[in-house]
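Following: one structure in structure tokens, then a few remarks.
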Amino acid sequence: MNQVNQYIKENRQRFLDELFELIRIPSVSARPENNPDMLSMARALKDSLLAAGADKAEVMKTSGQPLVFGSKIVDPALPTVLVYGHYDVQPAEPLDLWDSPPFEPEVRDGRIWARGADDDKGQLFMHVKAFEFMVKTAQLPCNIKFMIEGEEEVGSPSLKKFCRENTELLKADVILVSDTTMIASDIPSVTVGLRGLSYMEVELTGPNRDLHSGLFGGAVVNPVNALCKMIASLTNENNEITIKGFYDDVMVLSREERDEMAKAPFDLEEYKAELNIDEVDGEKGYSSLERTGIRPSLDVNGIWGGYIAEGAKTILPSKAYAKISMRLVPNQVSHNIDKLFEEHFKSIAPPGVKVEVRSLHGGQGYVSPIDTVAYKAASKAIEQTFGKKPIPTRSGGSIPIISDFEEVLGIKSILLGFGLESDAIHSPNENYPLENFFNGIETIPWFFKFYAEMNG
Ligand code: BES
Ligand code: MN
Ligand code: MN
């Protein structure tokens with residue numbers, strides 16, 4: 001594996017050129033008009049897997065976007081690593097906030113700037129290139145499978161069913177995923193916890209049409225006013241969520257576990273400066289890292305209704321809407337939370353408005369133990385590249401399909417992410433430091449080596 005640095009040095013520019021080809025395809029899963037791009041993207045990835053040395057690679061149908069599967073079986077007696085990633089990206093809008101066009105990747109200040117540069121095209125491509133290195137230098141120490149989906153950013157609606165129908169094809173000993181962050185470019189970490197999610201949309205209906213706000217205002221319930229009050233009451237003065245039963249299943253961490261977590265480096269001043277905010281706030285009694293890592297949260301993702309175009313229009317709107325997400329922690333169950341939310345939200349509506357609540361998507365959180373072969377292999381691999389051991393961290397983000405993998409396939413995942421929180425994923429000016437990209441390509445083959453050795 002020692003030649004991996006040399007291999008990266010010799011192929012640096014080609015790796016970037018190839019990644020940029022993939023980034024140029026605007027594979028936005030949320031937009032039906034990008035459906036043809038999803039197929040082009042899947043085909044291009046299939047070709048890269050074959051070029052890298054896969055025995056077989058194919059674009060497979062699902063009930064939604066196509067999925068790319070590839071594999072190289074060295075010896076059925078050896079362990080098998082299943083690499084999971086997603087080729088779909090979030091919408092790039094608002095476009096005017098980007099310093100360079102989102103689907104025209106470029107390198108500036110040592111970073112790749114583009115939608116998908118990190119999440120997850122940049123991170124998944126590290127695996128394709130690490131695989132290429134292992135094949136070309138005849139050092140692939142175990143079997144490898146790739147499963148790359150095109151619907152992660154919309155909640156992976158088809159993947160669970162795909163897994164159920166393809167358990168034999170997906171048989172593996174561990175799932176390896178690079179779709180998370182590390183603490184800093186020089187402070188490596190392995191994500192050992194992900195939050196779950198319940199994503200709701202609410203619709204309030206007041207009068208049967210927008211009304212004159214002078215003739216009716218003050219006498220008829222305004223659904224936008226009502227929605228604001230209802231949302232405001234979802235958290236109390238301690239920023240605790242007021243939905244009855246919401247915290248019932250929350251796993252409580254011991255003082256020791258919390259003290260252990262607090263050892264991870266975190267600079268609050270830097271955090272605030274990076275976001276240009278003067279203060280942080282959240283659930284009383286918890287640190288910022290705990291608020292995202294081990295505690296649930298509730299956020300309005302969008303709210304609309306009434307007149308929002310230029311100038312003034314004096315109306316009392318008929319409708320009001322909001323999208324509200326709740327990040328969950330172990331052992332909260334997403335569909336139970338959906339139900340609690342719906343009952344609670346309906347119960348707090350004032351008379352005079354009708355309320356509809358819809359669940360858009362969701363999933364369970366995930367915790368991965370650190371006493372596994374996969375964690376130990378990841379830790380050694382990281383030490384090899386970075387010269388220090390990784391810190392186990394709990395992330396606030398979600399990859400709901402990870403807990404489904406465990407449920408349906410019975411396989412645990414190892415979250416070996418190389419992104420940074422400052423990579424602006426889902427935001428304008430998403431970027432990925434070249435250092436992280438190449439360090440990822442360097443680390444992955446070591447993971448394979450140590451994982452195969454420790455399993456053998
Ligand atoms: N890669 C992210 C999740 C992530 C990022 C986890 C950084 C940990 C650290 C993933 O693509 C994502 O954005 N997930 C969505 C959930 C999905 C159901 C839309 C999320 O967390 O909002
Ligand atoms: Mn992702
Ligand atoms: Mn994402």
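The values are calculated or read from the model by the stated rules, or taken from the named source; none is laboratory data. Keep in mind that what you see is a predicted model, and the values were worked out from it rather than measured. Cβ coordinates were reconstructed from backbone atoms using ideal geometry, including for glycine residues, and neighbour counts include every protein chain displayed.
Here SER178 does not qualify as of a type in the set (Ser, Thr, Tyr) and either over 30 Å from GLU10 (Cα atoms) or surrounded by fewer than 24 Cβ atoms within 10 Å (Cβ to Cβ) (or both).
Screening VAL224, VAL174 for residues that are among the β-branched types (Val, Ile, Thr), assigned by TED's automatic domain parsing to the domain that holds ARG394 and at pLDDT 95 or above leaves exactly one candidate, VAL174. Taken together, the residues in segment 128-151 that are closer than 21 Å to PRO76 by Cα and within 16 Å of ligand 1 (Cβ to nearest atom) amount to 1. If only residues of segment 152-195 that are more than 19 Å from ILE411 (Cα to Cα) and in a loop (DSSP other than H, G, I, E, B) are counted, the one that is nearest to ligand 1 (Cβ to nearest atom) is GLY155. The requirement of being in contact (Cβ under 8 Å) with a residue 40 or more places away in the chain and surrounded by fewer than 18 Cβ atoms within 10 Å (Cβ to Cβ) is fulfilled nowhere in segment 254-261; no residue meets it.
Condition check ((1) surrounded by fewer than 18 Cβ atoms within 10 Å (Cβ to Cβ); (2) of a type outside the set (D, E, K, R); (3) within 16 Å of ligand 3 (Cβ to nearest atom); (4) assigned to a loop (DSSP other than H, G, I, E, B)) across all residues:
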{"position": "VAL83", "(1), (2), (3), (4)": "no, yes, no, no"}
{"position": "GLU104", "(1), (2), (3), (4)": "yes, no, no, yes"}
{"position": "GLN123", "(1), (2), (3), (4)": "no, yes, yes, no"}
{"position": "HIS127", "(1), (2), (3), (4)": "no, yes, no, no"}
{"position": "ALA130", "(1), (2), (3), (4)": "no, yes, no, no"}
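The rows are residues; the columns are (1) of a type outside the set (Asp, Glu); (2) surrounded by 18 or more Cβ atoms within 10 Å (Cβ to Cβ); (3) under 20 Å from GLY293 (Cα atoms).
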site: GLU343; (1), (2), (3): no, no, no
site: LYS346; (1), (2), (3): yes, no, no
site: GLY352; (1), (2), (3): yes, no, no
site: ALA377; (1), (2), (3): yes, yes, no
site: ILE382; (1), (2), (3): yes, yes, no
site: ARG394; (1), (2), (3): yes, yes, yes
site: GLY397; (1), (2), (3): yes, yes, yes
site: PRO400; (1), (2), (3): yes, yes, yes
site: SER413; (1), (2), (3): yes, yes, yes
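Residues considered: VAL250, VAL174. Of these, the only one that is out of contact with any Phe, Trp or Tyr (no Cβ under 9 Å at 6 or more places or on another chain) and away from ligand 3 (no atom under 16 Å from the Cβ) is VAL250. I'd like to know if segment 279-291 contains one or more residues that are in the same structural domain as ILE303 (by TED's automatic domain parsing), part of a loop (DSSP other than H, G, I, E, B), surrounded by 13 or more Cβ atoms within 10 Å (Cβ to Cβ) and more than 23 Å from the chain's Cα centre (by Cα). Scanning segment 279-291 turns up no residue that is in the same structural domain as ILE303 (by TED's automatic domain parsing), part of a loop (DSSP other than H, G, I, E, B), surrounded by 13 or more Cβ atoms within 10 Å (Cβ to Cβ) and more than 23 Å from the chain's Cα centre (by Cα). Taking residues in segment 98-123 that are at positive phi and modelled with pLDDT of 95 or more, and partners anywhere that are within 12 Å of ligand 2 (Cβ to nearest atom) and hydrophobic (A, V, I, L, M, F, W, C), the pairs with Cβ atoms closer than 7 Å and at least 6 places apart or on different chains are GLY116/VAL89.
Considering only segment 276-306, state which residues are touching an Asp or Glu at 6+ places or on another chain (Cβ under 8 Å) and more than 16 Å from ligand 1 (Cβ to nearest atom). Selection gives GLU283, LYS284, GLY306.
Can we say PHE246 is aromatic (Phe, Trp, Tyr), under 30 Å from THR205 (Cα atoms) and outside any helix (DSSP H, G or I)? In short, yes. The criterion of being under 30 Å from LEU316 (Cβ atoms), hydrophobic (A, V, I, L, M, F, W, C) and either away from ligand 2 (no atom under 16 Å from the Cβ) or surrounded by fewer than 23 Cβ atoms within 10 Å (Cβ to Cβ) (or both) does not hold for VAL192. Filter segment 302-311 down to the residues that are touching a residue at least 60 places away in the same chain (Cβ under 8 Å) and part of a strand (DSSP E or B) and list them by number. Matches in segment 302-311: ILE303, GLY305. Residues in segment 66-88 that are in contact with a helix residue (DSSP H, G or I) (Cβ under 8 Å, 6 or more places away or on another chain) and closer than 25 Å to ALA30 by Cβ: PRO66, LEU67, VAL68, VAL83, TYR84, GLY85, HIS86, TYR87, ASP88.
Only residues in segment 380-400 that are within 14 Å of ASN439 (Cα to Cα) and among the aliphatic types (A, V, I, L, M) count as the first member; pair them with residues that are at pLDDT below 95 and within 16 Å of ligand 3 (Cβ to nearest atom), Cβ under 9 angstrom, at least 6 apart or cross-chain, and list the lot. Going by the 9 Å Cβ cut-off, there are no qualifying pairs.
Residues of segment 378-420 that are within 30 Å of ASN2 (Cα to Cα) and within 10 Å of ligand 1 (Cβ to nearest atom): THR393, LEU415, GLY417, GLY419, LEU420.
Can SER198 be described as part of a loop (DSSP other than H, G, I, E, B), within 15 Å of the chain's Cα centre (by Cα) and surrounded by 22 or more Cβ atoms within 10 Å (Cβ to Cβ)? Quick ask: steps written out before the conclusion?
Numbers: part of a loop (DSSP other than H, G, I, E, B): no; within 15 Å of the chain's Cα centre (by Cα): yes; surrounded by 22 or more Cβ atoms within 10 Å (Cβ to Cβ): yes.
So SER198 fails the test.
Looking at LEU176, LEU204, LEU159, LEU197, which is the one that is over 25 Å from LEU78 (Cβ atoms) and in contact with a His (Cβ under 9 Å, 6 or more places away or on another chain)? Lay out the reasoning, then the answer.
Details: LEU176 fails: over 25 Å from LEU78 (Cβ atoms); LEU204 fails: in contact with a His (Cβ under 9 Å, 6 or more places away or on another chain); LEU159 fails: in contact with a His (Cβ under 9 Å, 6 or more places away or on another chain).
Going through LEU176, LEU204, LEU159, LEU197 in turn, just one is over 25 Å from LEU78 (Cβ atoms) and in contact with a His (Cβ under 9 Å, 6 or more places away or on another chain): LEU197.
Residue pairs whose Cβ atoms lie under 9 Å apart, separated by 6 or more positions or on different chains, with the first residue in segment 75-88 and more than 16 Å from SER48 (Cβ to Cβ) and of a type in the set (Val, Ile, Thr) and the second part of a loop (DSSP other than H, G, I, E, B) and away from ligand 1 (no atom under 11 Å from the Cβ), are THR80/ILE73; THR80/CYS142; THR80/LYS171; THR80/ALA172; THR80/ASP173; VAL81/CYS142; VAL81/ALA172; VAL81/ASP173. Within segment 401-411, track down each residue that is in contact (Cβ under 8 Å) with a residue 60 or more places away in the chain, away from ligand 3 (no atom under 16 Å from the Cβ) and closer than 16 Å to LEU328 by Cβ. SER403, ASP404 - these are the residues of segment 401-411 that are in contact (Cβ under 8 Å) with a residue 60 or more places away in the chain, away from ligand 3 (no atom under 16 Å from the Cβ) and closer than 16 Å to LEU328 by Cβ.
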